[in-house]
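Please read the structure below before turning to the comments.
The values are calculated or read from the model by the stated rules, or taken from the named source; none is laboratory data. Because the structure is a prediction, the values reported are computed rather than measured. Neighbour counts are summed over all protein chains in view; Cβ atoms, including those assigned to glycine, are modelled from backbone coordinates with ideal geometry. In case anyone asks, the SASA skips ligands and DNA or RNA and just uses the protein heavy atoms, side chains included. Shrake-Rupley method; radii C 1.70, N 1.55, O 1.52, S 1.80 Å.
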Amino acid sequence: MTAAYKGVENEAPHTLDKRDWIAGLEKGLTLIQTFDEAHSRQTASQAGQRCGLTRTAARRYLLTLQHLGFVAGDGKLFWLTPKVMRLGQSYLESARLPRLVQPSLQRVAMGTQEISFVGVLDGYDIVYIARNGQNRSMNTSFALGARVPAHTTASGMLLIALLGPAEVDAWLDTSPLRTFTSHTITDVNYMRQQMQIIRQQDWCLSEQQLDMAYRGVSVPLRDHKGTVIAALSVSMPMQQETSEQAVKRVLPLLRETAQGLMPLL
């Protein structure tokens with residue numbers, strides 16, 4: 001059974017009366033999100049250009065965020081402080097899903113001897129909201145709370161595929177399919193074909209899309225109504241194990257675990 005994906009991170013926003021809208025809050029949060037790996041330190045002008053604010057307005061927001069401790073600066077450049085991580089930590093500590101799946105993730109990690117994850121789709125990224133297992137040496141760490149380009153992971157490809165054909169087309173029409181390895185799928189038509197296969201089989205295998213010599217296997221997590229809310233996956237080094245052997249080893253336990261969680265979600 002498949003169902004449209006309506007994960008927590010992708011639910012349509014509630015209709016909000018204009019009288020209740022706080023534009024300053026929106027602009028402040030948007031400004032925080034302009035900082036990334038390529039823009040770790042910005043002037044007020046640079047940050048403002050990235051979110052549609054004037055230099056003067058961006059500077060006022062940045063100075064306010066600096067006063068609150070979320071931003072630091074040297075008079076010209078601004079950068080985020082570790083206090084910003086409290087925002088994500090508040091979700092991880094208060095949300096029901098990460099807490100509920102943790103015992104099951106431990107069972108999967110012990111049963112497969114691999115790292116297990118639960119991830120949700122957020123725009124172009126997969127966000128890992130729960131994990132269990134030993135750390136691996138990977139170019140991009142799947143740490144708790146990590147954001148990874150969705151098209152490079154088994155969880156991401158699975159959740160995109162389960163959006164449905166029309167939603168998949170819309171996602172692929174706007175998504176930047178960046179290259180990370182020589183195996184990364186960047187051809188939109190080929191990716192669309194893979195999405196059809198994934199949707200039909202209701203699970204996903206991804207190999208060397210993000211890190212060489214690593215693979216992932218993922219199944220959907222559905223709630224008691226059959227709605228897909230997240231993806232359950234394992235990540236593993238490829239070593240001497242074939243794709244078929246890896247799937248045969250981990251897929252039954254992933255499916256059994258997802259089925260067991262369904263009445264609880």
Nearest-0.05 FRET efficiency for Leu63 and Arg147 at R0 = 22 Å, using Cβ-Cβ distance, is 0.20
Accessible surface ranking that places the most exposed of Glu114, Glu93 first, with a 1.4 angstrom probe
Glu93, Glu114
Any chance you could run the full-extension gain for Arg255 through Gln46? It's 0.36 nm times the residue separation minus the Cα-Cα distance, nm to one decimal.
70.6 nm
Each residue of segment 76-85 in turn: what ³J(HN,Hα) in whole Hz from Karplus with 6.51, -1.76, 1.60 and θ = phi - 60°, glycine and Pro shown as x?
10, 9, 10, 8, 6, 10, x, 4, 4, 5
What figure, in Å² to the nearest 10, do you get for the accessible area of Trp21 with a 1.4 Å probe and non-protein molecules left out?
130
Taking a probe of 1.4 Å, how large is the accessible area per residue of segment 190-265, in Å²?
45
Ignoring ligands, DNA and RNA, please state the percent of accessible area on the chain from carbon and sulfur, probe 1.4 Å.
51
Calculated FRET value between Lys83 and Thr56, using beta carbons and R₀ = 22 Å, to 0.05
0.35
Can you list residues whose amide H is under 5 Å from Ala146's amide H, if they're 5+ apart or on another chain and H is modeled 1.01 Å from N?
Tyr128
Net charge dipole size for the chain [Lys, Arg +1 and Asp, Glu -1 on Cβ; Debye, nearest 20]:
720
Taking R0 as 45 Å and r as the Cβ-Cβ distance between His224 and Ser182, the FRET efficiency 1/(1 + (r/R0)^6), rounded to the nearest 0.05, comes to 0.60
Provide the gained length on full extension for the span Lys18 to Gln106, in nm with one decimal, where the gain is 0.36 nm per separating residue minus the Cα-Cα distance.
27.2 nm
If you plug each phi of segment 120-125 into the Karplus form 6.51 cos²θ - 1.76 cosθ + 1.60 with θ = phi - 60°, what whole-Hz ³J(HN,Hα) values come out, in order, with x for Gly and Pro?
10, 8, 9, x, 8, 10
